[in-house]
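Below you'll find the structure, written out as C-alpha cells, and then a few comments.
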Amino acid sequence: MPNHLSLLGIIHTAISILAILAGLFALIRDGRIDPVNGRGKWYTWLTVITCLTGLPIMRFGHPTPGHYLAVIILVLLIIAIFVRRFFGKAGEYIQVVAMSTTLFLSCIPAVVESLTRLPMDHPLASGPNDPLVQKAQLVLVVIFVVGIVYQVIKLIKKKKGA
C-alpha cells in the first residue's frame with residue numbers, strides 16, 4: 001500500500017510527533033507543561049506549528065473533527081499562556097489543566113491516525129469507530145484524568161509548602 005500522505009502531511013506528522021514528545025518530556029521533567037520555561041516553550045511552538053500545518057490538509061475535501069481540534073488546541077494554548085496574568089495564583093491551576101488538555105487533544109488524532117494507517121499493508125483498525133481505537137481513546141482519557149489530578153495535588157502541596 002502506498003503512502004497516502006502529502007508532503008505537507010509528512011511535515012505535519014513529523015512536527016506533531018515532536019510536539020507530543022516535547023509535551024511528555026516536559027511532564028516528566030517538570031511535572032507539568034509550563035509555557036514559560038524552555039521545555040514548555042518548545043512544546044507550545046511545536047504544537048502551534050502542528051495545528052497550523054494541519055489546517056490546510058483536507059483529506060476528504062472538507063474540514064474534519066481534526067481541524068476543529070486544532071482550533072480548540074490553539075485557543076487553549078492562548079488561554080494557558082495568559083491566564084496567570086488575569087487570575088494570579090488560581091490561574092496556575094487553569095494553566096495546568098489547559099496545557100494538559102492540549103496534549104490530550106493532540107494525542108487523539110495521533111492515536112486514530114496511527115491505528116488506522118499502521119502497519120501500512122494492513123492497519124490495526126478500520127476507522128475511528130473501530131473498537132481498538134475506542135479502547136485506546138478510553139486509555140487516553142484515564143491517563144489524562146489521572147495526570148490532571150496528580151498535577152493539581154502536586155500544585156496544592158507546593159502551595160502549602162511555600
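Consider the range 126-140 and keep the residues that are open to solvent by 60 Å² or more (accessible area, probe 1.4 Å) and assigned to a helix (DSSP H, G or I). The one that is nearest to Ile20 (Cα to Cα) is Val139. Quick one: is Ile94 open to solvent by 40 Å² or more (accessible area, probe 1.4 Å) and touching a Phe, Trp or Tyr at 6+ places or on another chain (Cβ under 8 Å)? Considered against the rule, which asks whether it is open to solvent by 40 Å² or more (accessible area, probe 1.4 Å) and touching a Phe, Trp or Tyr at 6+ places or on another chain (Cβ under 8 Å), Ile94 comes out as yes. Of all residue pairs spaced 6 or more apart or on separate chains, those with beta-carbon atoms under 8 Å, a first member in the range 33-53 that is assigned to a helix (DSSP H, G or I) and a second member that is surrounded by fewer than 23 Cβ atoms within 10 Å (Cβ to Cβ) and charged (D, E, K, R) are Arg39/Arg29; Arg39/Asp30; Gly40/Asp30; Gly40/Asp34.
Scanning the range 56-70 for residues that are in contact with a Leu (Cβ under 8 Å, 6 or more places away or on another chain) and open to solvent by 40 Å² or more (accessible area, probe 1.4 Å), we see that the one that is modelled with the lowest pLDDT is Ile57. Considering the range 81-91, the residues that are of a type in the set (A, V, I, L, M) and under 19 Å from Val48 (Cβ atoms) include one that is least open to solvent (accessible area, probe 1.4 Å), namely Val83. What about Ile78, is it outside any helix (DSSP H, G or I), within 20 Å of Ile15 (Cα to Cα), open to solvent by 30 Å² or more (accessible area, probe 1.4 Å) and not acidic (Asp, Glu)? When the stated conditions are applied, Ile78 does not pass them. Cβ separations smaller than 7 Å between residues 6+ apart or across chains give the following pairs from the range 149-162 residues that are under 10 Å from Gly31 (Cβ atoms) to residues that are surrounded by 11 or more Cβ atoms within 10 Å (Cβ to Cβ) and of a type in the set (Asp, Glu): Leu155/Glu92. In the range 51-61, the count of residues that are touching a helix residue (DSSP H, G or I) at 6+ places or on another chain (Cβ under 7 Å), within 28 Å of Leu155 (Cβ to Cβ) and not polar (S, T, N, Q) is one or more. For the range 9-42, a residue qualifies if it is open to solvent by 60 Å² or more (accessible area, probe 1.4 Å) and either touching a Cys at 6+ places or on another chain (Cβ under 7 Å) or hydrophobic (A, V, I, L, M, F, W, C) (or both), and the qualifying residues are Ile10, Ile11, Ile17, Leu18, Leu21, Leu24, Phe25, Ile28, Val36, Trp42. Within the range 108-125, being of a type outside the set (A, V, I, L, M) and either assigned to a loop (DSSP other than H, G, I, E, B) or open to solvent by less than 40 Å² (accessible area, probe 1.4 Å) (or both) holds for Thr116, Pro119, Asp121, His122, Pro123.
The values are calculated or read from the model by the stated rules, or taken from the named source; none is laboratory data. Not measured: the values here are computed from a predicted model. Cβ sites come from the backbone with ideal geometry, for glycine too, and all protein chains shown count toward neighbours. Ligands, DNA and RNA are stripped out before the accessible areas are found, and what is left, the full protein with its side chains, is counted by its heavy atoms. Shrake-Rupley method; radii C 1.70, N 1.55, O 1.52, S 1.80 Å.
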